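For reference, the structure discussed in these notes is given below.
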Amino acid sequence: MNTSRDTLRDFREKMGRLGENFAREVVADDERVRRAKTTFTSKLDGRMAVDLETCIHCGMCAEACHFYEATGDESYAPVRKVEPLRRFYRRELSPLRWFFRPFTRDLTANELREWQPLVYDACTGCGRCDMMCPMGISISRMIRVMRDGLASAGLVPDELQALDNEQRDKGTVFGVGAEELRQCLADLAQQGVEIPLDRQPADVVVLTTAVEVLMFKETLAATGKIMSRLPYSWTMLSNAFDASNLGMLSGDGATQKKATAAIVDAARTCGAKTVVVPETGHAYQALRWEGPNELGEAPPFEVLALSEFIARETESGHLKLKKQGNGASVTYHDPCRLGRQSGVYDEPRQVLGDLGIEIREADSNRRENYCCGGGCAEYVIQRSAPLRQKAFEIKRREFDGTDADAVVTSCANCRVNLMIGAADSGWDRQVEGLAELVAANLAD
Amino acid sequence: MTLLDFARGPALQWSLIIFLVGVMWRLVGSLFYMARRDLARPRHEGSIRDGLGTIATRSLPAPQFEKRIRFQHYSGYAWHIGLFICVLFFAPHILFFESVLGFGWPNLPNGIILVTAAITLALLIALLIRRATNPVLRIISNADDYISMAVVILPLLTGILAFAHIGARYETMLALHFLSVESLFIWFPFGKLMHTALVLPSRFQAGAMYGRRGVKA
C-alpha cells in the first residue's frame, strides 16, 4: 500500500495549480507597511527584544543554514532574513529608539516585497541556527514574526496564500473536507481497517491531515490498526480532523487561531483526555506549543505526537510489537518541529529499537539535524523548487553516508518533500513513515 | 586646561555618566519589555537549570558546527582575553584603578603586556578586514559593527603608541588614549558592545524556552 509515483505526481500537480486563478486582495503600499508594523509590534515580546538587543552580527548563524550551505548565497544568512524586523524594532520599539530613529531607515513596501522570498522560499524556520548562535538568539521565532508581518501586509506567496484562504474560508485544505475524509475512511473500512468517526464521548481524539488523506492513506490505516489494539475509546472528528495549520505556516494569525480553536473546541466537547497529532511536525507546534498562547489557556487534554503516543503505549505494555528487524537498517530523519523544536527525539528511536531495526544515525541528527529542505510549507512554493532541490542534496548526502536501507520519518510533509527530492534526482532510497512500520509489526 | 586635564577630568566623568545611565536605560528597557508567560504545558520541568546549562554550553561551539566556525569563535575569545589582560594587568592601569578603588593587585611585566596588546590589535584588525570582505559579514554589517570595532581598536592603538613613545609627545598621546577609552564608554550603551551585559540573559532564556520542550539548547 505504499504511496505510488502516480499519487505523488497527482499531488504535485495539485500543488502546481494552487497559485492559478487566485484573486489577491489589493492593498496600497502605505497600508501594507502600516499593517506589517502593527503586527510586528503586537508579536514582538520581551524575549525577542533581548534577542534583538544582543545580536553582535557575527554571522555564525549562516553556517547552520541549509540554504546558505547549499548555495553560498550570503543573503540567506539567517540574521539577514530578519533585518526589517530588527530595524523596525530599533527605530520604533527599542529603549533607545529616540536615539536611533533619526539614523534608521523606515520600512517600505518594496523592502517587504524584497524580503518575501528570503522569509518564505529560503527559510523553513527549522531553528538549526538557534542551536548555533553563541548569544542564544532564536532567529526561528523572529522568522515567525516576519511571516506574520508579511502575511498581514498581503505578501504571502500565492500558493501558500491560496491554501491559507481555503482553510480560513472553507475549513478544508487541498480540497479535503469532511466528505473526503468519510470516503477515505470508507475505503479503508473495505480493506478491513475500521476508524471510528464522531464517536462521543471518547478518551482519545486522533487527528490526521489532508496530506495523509491524499498521499498517505497507508499512514491513516496504520494509525487505525495501532489504535484498535489499545484499551481506549477513540475517534476521529469530522468537524475537526485536520491538524494542518496553514495560518501558522503563512503567518495569518486569524486562520491559525481559528484552526486551533476548531480542534480544541471539538476535542473538549468530545471529552477527550488525549489528542494525538498525526505524523506532521508543524501541526504539533501549532497545537502543542502555540495553541495555548493563541487561545489564552492550556486545553483540558494532553497533546501528543503520534510517535510519542506509540512509544508511551509500548512502554506501558498496551502495545506489543514483533521484534523482527531481520537485519534491516534505517536512518531516522528528525522533523524540525518535532525534534529540535519539541524534543521528540528519543521516542521514535525507542519504537524503532522495539521493532528490532538498526538505526544508523546521519552525521547531523537530533538537535543538529538538517531540515528536509521544504518544511514550513516551503515545498508548496513552485518558484523555489531549484533552491529546495539544492537543499535536498545535503539530506541526500547525509542519508547516503549512513548506508541505511531506508529513511524513516514521522512527518508527512518531510516525507513528501524527501520523495519529491528523490524523484527529481533519481535517488532510489525508500522514505517510510514510522506508524506504518509499527502497524506492520504488531504482535498478537 | 590642557588636553590631558580635560581627558582625565570632565571627559572621563561625563563619559562614565553616559555609560552608566545608558547601560541601565537599555538593560531595564530590554529586560522588562512586555514579558509574556508561556501558557503551553512543559514537556520537561527544570527551566532554570536548562537556562543555566545553556549559559555554559554556548560558551563553546556545538561539536557539529565547530569546524565551520572555529576561527571566528576562538579568535573572538582570544581578543577578548587579550584586551582584559591589557586593561587589568598593565602596571599604570592598576595604579589608576587603585586611585579610584583604593586597592590594587599585582601587574604583569610590560613586555608581556606589549606583546599581548600587539597580538590583540592584530587580531582585531584581521577581524575588521574580514568583516569588510567576507560576503556574509559585509551584507549583515551596519555602522554599529564598525563603530564598535573602532572604539575597541583605538584604545589599544593609542595605548601602544603612548607606551612606545611613538607619534605625538607622551602627554598628548596619553590624552588621546584617555579620550579613546571614553569614546568606548560613550558608545557602549548605544551599540552592540551591550552584548557584554545581555549575553547571559539571552542565553538563559534560550535554554529555558527550549528546556520546557525537552530540548537541550
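For the range A:41-72, enumerate the residues that are without any contact (Cβ under 8 Å) to a residue 12 or more places away in the chain and either more than 7 Å from chain B (Cβ to nearest Cβ) or surrounded by fewer than 20 Cβ atoms within 10 Å (Cβ to Cβ) (or both).
A:Ser42, A:Asp45, A:Gly46, A:Tyr68, A:Gly72
Within the range A:360-370, how many residues turn out to be in contact with a Lys or Arg (Cβ under 7 Å, 6 or more places away or on another chain) and in a loop (DSSP other than H, G, I, E, B)?
Result for the range A:360-370: 2.
Assigned to a helix (DSSP H, G or I) and either closer than 30 Å to A:Phe100 by Cα or free of Cβ contacts under 8 Å to residues at least 60 places away in the same chain (or both): is that true of B:Gly51 in this structure?
no
Can you tell me which residue among B:Ser15, B:Ser75, B:Ser59 is of a type in the set (S, T, N, Q), in a helix (DSSP H, G or I) and within 14 Å of chain A (Cβ to nearest Cβ)?
B:Ser75
Looking only at the range A:319-353, filter to residues that are under 17 Å from B:Met209 (Cβ atoms) and more than 10 Å from chain B (Cβ to nearest Cβ); which one of those is surrounded by the fewest Cβ atoms within 10 Å (Cβ to Cβ)?
Among them, the one singled out is A:Cys336.
Examine the range A:352-372 for a residue that is aromatic (Phe, Trp, Tyr) and out of contact with any His (no Cβ under 7 Å at 6 or more places or on another chain), and state whether such a residue exists.
Scanning the range A:352-372, I find no residue that is aromatic (Phe, Trp, Tyr) and out of contact with any His (no Cβ under 7 Å at 6 or more places or on another chain), so the answer is no.
Given (1) closer than 28 Å to B:Leu156 by Cβ; (2) surrounded by 16 or more Cβ atoms within 10 Å (Cβ to Cβ); (3) within 19 Å of the chain's Cα centre (by Cα), where does B:Ile69 come up short, assuming only one miss?
(3)
For every residue, the table says whether it meets (1) in the same structural domain as A:Ser342 (by TED's automatic domain parsing); (2) of a type outside the set (Phe, Trp, Tyr); (3) not in a helix (DSSP H, G or I).
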{"position": "A:Glu69", "(1), (2), (3)": "no, yes, no"}
{"position": "A:Tyr89", "(1), (2), (3)": "no, no, no"}
{"position": "A:Trp98", "(1), (2), (3)": "no, no, no"}
{"position": "A:Arg101", "(1), (2), (3)": "no, yes, no"}
{"position": "A:Leu107", "(1), (2), (3)": "no, yes, yes"}
{"position": "A:Trp115", "(1), (2), (3)": "no, no, no"}
{"position": "A:Thr124", "(1), (2), (3)": "no, yes, yes"}
{"position": "A:Met131", "(1), (2), (3)": "no, yes, no"}
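What pairs come up if the first residue lies in the range A:138-161 and is at positive phi, the second is outside any helix (DSSP H, G or I) and surrounded by fewer than 24 Cβ atoms within 10 Å (Cβ to Cβ), and their beta carbons are under 6 Å apart, counting only those six or more places apart or on different chains?
Pairs that qualify, where the first residue is at positive phi and the partner is outside any helix (DSSP H, G or I) and surrounded by fewer than 24 Cβ atoms within 10 Å (Cβ to Cβ), are A:Gly154/A:Glu25; A:Gly154/A:Val27.
What about A:Arg9, is it outside the structural domain of A:Gly149 (by TED's automatic domain parsing), surrounded by fewer than 16 Cβ atoms within 10 Å (Cβ to Cβ) and either in a helix (DSSP H, G or I) or within 26 Å of the chain's Cα centre (by Cα) (or both)?
On the way: outside the structural domain of A:Gly149 (by TED's automatic domain parsing): yes; surrounded by fewer than 16 Cβ atoms within 10 Å (Cβ to Cβ): yes; either in a helix (DSSP H, G or I) or within 26 Å of the chain's Cα centre (by Cα) (or both): yes.
Yes: the conditions hold for A:Arg9.
Where residues in the range B:24-42 are of a type in the set (A, V, I, L, M) and within 25 Å of A:Gln341 (Cα to Cα), which of them is farthest from the other protein chains (Cβ to nearest Cβ)?
Looking at residues that are of a type in the set (A, V, I, L, M) and within 25 Å of A:Gln341 (Cα to Cα), I get B:Leu31.
How many residues, within the range A:239-254, are surrounded by fewer than 23 Cβ atoms within 10 Å (Cβ to Cβ) and over 24 Å from A:Leu220 (Cβ atoms)?
The qualifying residues number 2.
Would you please list the contacts, defined by Cβ atoms under 9 Å and residues six or more apart or on different chains, that run from a residue in the range A:363-374 that is more than 14 Å from chain B (Cβ to nearest Cβ) and touching a residue at least 40 places away in the same chain (Cβ under 8 Å) to a residue that is among the aliphatic types (A, V, I, L, M) and part of a loop (DSSP other than H, G, I, E, B)?
Close Cβ pairs (under 9 Å, with a partner that is among the aliphatic types (A, V, I, L, M) and part of a loop (DSSP other than H, G, I, E, B)) amount to A:Gly374/A:Ile381.
When you go through B:Leu114, B:Leu108, B:Leu123, B:Leu157 one by one, which is the residue that is more than 14 Å from chain A (Cβ to nearest Cβ) and not in a helix (DSSP H, G or I)? Talk me through it step by step, then tell me what you get.
On the way: B:Leu114 fails: not in a helix (DSSP H, G or I); B:Leu123 fails: not in a helix (DSSP H, G or I); B:Leu157 fails: not in a helix (DSSP H, G or I).
Being more than 14 Å from chain A (Cβ to nearest Cβ) and not in a helix (DSSP H, G or I) holds for just one of B:Leu114, B:Leu108, B:Leu123, B:Leu157, which is B:Leu108.
Which one is farthest from the chain's Cα centre (by Cα), of the residues in the range A:255-280 that are surrounded by 22 or more Cβ atoms within 10 Å (Cβ to Cβ), closer than 19 Å to A:Thr172 by Cα and touching a residue at least 40 places away in the same chain (Cβ under 8 Å)?
Top of the filtered list is A:Ala267.
The values are calculated or read from the model by the stated rules, or taken from the named source; none is laboratory data. These numbers were taken from a predicted model, which means no experiment stands behind them. Every residue, glycine as well, gets a Cβ built from its backbone with ideal geometry; the counts of neighbours run over all protein chains shown.
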